[in-house]
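Quick notes on the structure that follows.
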Amino acid sequence: MSGPYDGRPVTAATPSMTVAPAPALPPGQSPPRGRPPLRRLGGYALIVPAAIPILVGLGYPLARQFVLSFQEYGLAQQFGRPAEWVGLDNYVALLSDGYVWAVIVRSVAFCLANAAITMAVGMALAVLMARVGRPARLVLQVSMLLAWGTPVLATMTVWQWLFDSQYGVVNWILAEPLGMAGMRYHAWLVEPLSFYAVATVIVVWMSVPFVVFTVYAGLLQVPTETLEAAQLDGASSWDRFWLITIPMVKPVLLVVALLQIIWDLRVFTQIYVLQRAGAPTRDTHLLGTYIYSLAKEFSMAGAMATIMLVLTLALTGFYIRHMLREEEL
Amino acid sequence: MTASTAPARGTSPLGAGPRPAAPLSRGRRTARSGGRPLATRLLGVVAVAVALVWVFPIYWMISSSFLPTNRLRTPTPTFVPLDGTLANFRTVLGDPGFAESFRTSLVVTGITLAAAILFAFLAALAVSRFRFRGRRSFVVAILVVQMIPAEGLFISQYQMLDGWGLVNHVLGLSLVYVAAIVPFTIWMLRGFVTGVPIELEEAGMVDGLSRTGAFFRITFPLLAPGLVASGVYGFLQAWNEYTLALVVMTDPDERTLPLWLQGLVEANRATEWGVVMAGATMIAVPVIVFFLVVQNRMTGGLVAGAVKG
């Protein structure tokens, strides 16, 4: 249920200098061997309340969907017939369907394009935010916060109105002040490419604030002294930026890029709402909406969702491994 | 973030000083007495222009919500609603669905928030203050769980809730919300708990407090910002969520606010944009106000959790 707007932040990559967890023994108290059982049980008791909803709400559906993806489960099964094992049939059926591949390719392309644009714009604005004076920075920050905090459905609604073919202000701006008369009554959502252009504008608009704030916070951590020392040694401001600032904020950039890829691959709400606004759904499905459209064929949906999970791991696996190696948890 | 010795200065975006700007832009041409160099001022203009473009959709939402239909369906858009009315808002408030959805949203958010914060807090304590077998695996699991594309899970979540009679039930929706929110909340709170040195508690115990007493008298008050930050996070997630609500709450009488708004759009598309914008404004403004009020704390909290570990 997360989206670019939800502020899942830098914390995902807590740095390696984590304070060591509590020493097991409070000093001056309790003999070394008397107490372990209770203390150890205490740890388990404390994670149980959190573990239960995760296992029930996420773990069980994940396992169930995985099992289901190897079974035949359609309408007949909903009326009580036991599900049959069909091995990899569902996967074979999906992966031998050209349309499924089209959806996968589209989703990956959409995801990478959106993540790249978001990162580029977000980093540029973060640097801009660090370089301007206080009043300009405040104005920029408030506008970013507004875009970030507004509920996604409210923003989706206003974007539909902005891109309305007849009375939308985007078409008006393109046609009147900018003189592109052909765009006056352009129906943005009908043609897939223009549909994805609108979706990209919306997704980037929503995602950039998070990138800006996180990268900006990272930029503030670069020690002034280092930059000044480099300047004394004759490094140009260009060199200082690329050779000092960027390497120092690289961990932040990596996490943010990772999150963008995850979020943009699973994008659902934006595509779904735009489809409902009058786009041809079959030509505009991405993974999320496609799985949703399969809802009646549980097994196929399960197999498709598993493919999506594998795809996510394929796109992010290298980073997770890196993180697990580097982090002291 | 590897620069562990760097002091965490200016962790809140709004409160941060212009420090990093200085070394980057300070050149021979800096005129100390005459304000900022020209380049910085030009960049300032660019920043304000970007800000205006970014905020325009929100301005447009509020501006359109004051205009009657005949003013919205004109060849030239009305950019400033000088002669606006409140009629659209009256229409929205007169819709019985709005009040109902508001109540549903409130209940779901309340249950989700209370459960998620309490559970995550206990788990965060466990992983940062206790050593036990499986602790590391639990932390890794919390991380990996966040990679699971929830958008691929909703079918089986629906089936599961359906089997238990929890479809169209606030408890069903709250359950999947808690499952979605808790992992990240644990991750966030863990940073805060670890950030309070255990030595503080130990000092309290030397002075005669019990372990529990030391925790509640000394550490707990220091965790307040972290609890606020995770509370805001959970609130925004639950209040704004659309996808799972769409799947779980299929009955029109059990809609949350985002579902109600989508229904309003589909009933009024291309006819009553003003009413739709008033509806969007009604669900957005409380969140925006709340967000602006607490964001300073929250962003500071998130960043502090990240850079201090």
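Values in this text are rule-based calculations from the coordinates and carry no lab data. All figures in this text were calculated on a predicted structure; none of them were measured in a lab. Ideal geometry is used to build each Cβ from the backbone, glycine not excepted, and the neighbour counts take in all protein chains shown.
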Amide H proximity to A:Gln71 below 5 Å, modelled H, separation 5+ or other chain, gives A:Val86
Using θ = phi - 60° and the Karplus curve 6.51 cos²θ - 1.76 cosθ + 1.60, what whole-Hz ³J(HN,Hα) does each residue of the range B:273-281 get, with Gly and Pro shown as x? 4, x, 5, 4, 5, 5, x, 4, 4
Treat each spin label as a single point 7 Å out from the Cα along the C-beta direction, and report the A:Ala124 to A:Trp101 distance in nm. 3.6 nm
Add +1 for every Lys or Arg and -1 for every Asp or Glu among the other residues with Cβ under 12 Å from the Cβ of B:Ser64, and state the total. 0
Kirkwood Rh over Cα pairs of the range A:54-205 into Stokes-Einstein at 25 °C, 0.890 mPa s: D in µm²/s? 121 µm²/s
Trypsin sites (Lys or Arg not before Pro) in the range A:203-301 lying in a DSSP loop, each with at most 16 other Cβ atoms within 10 Å of its Cβ, come to A:Lys296
3J(HN,Hα) from dihedral phi, the range A:63-69, Karplus parametrisation 6.51/-1.76/1.60, rounded to Hz, x for glycine, proline: 5, 5, 5, 5, 4, 4, 5
Put a dot 7 Å past each Cα toward the Cβ at A:Ala235 and A:Glu84; how far apart are the dots in nm? 6.8 nm
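Can you work out the FRET efficiency for the pair A:Ala295 and B:Thr271, with r the C-beta to C-beta distance and R0 = 35 Å, to the nearest 0.05? Don't skip to the answer; put the middle values down first.
On the way: r = 30 Å, r/R0 = 0.85.
For A:Ala295 and B:Thr271, the calculated efficiency is 0.75.
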Note, the range B:231-237: 3J(HN,Hα) by Karplus (6.51, -1.76, 1.60, θ = phi - 60°), whole Hz, Gly/Pro = x, goes x, 4, 4, x, 4, 4, 4
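To the nearest 20 debye, what charge dipole does the range A:103-260 have about its Cα centre, counting +1 at the Cβ of each Lys and Arg and -1 at the Cβ of each Asp and Glu? Mind showing how you got there, number by number?
Numbers: 7 positive and 7 negative charges, 28 e Å.
Using only the charged Cβ atoms, the result is roughly 140 debye.
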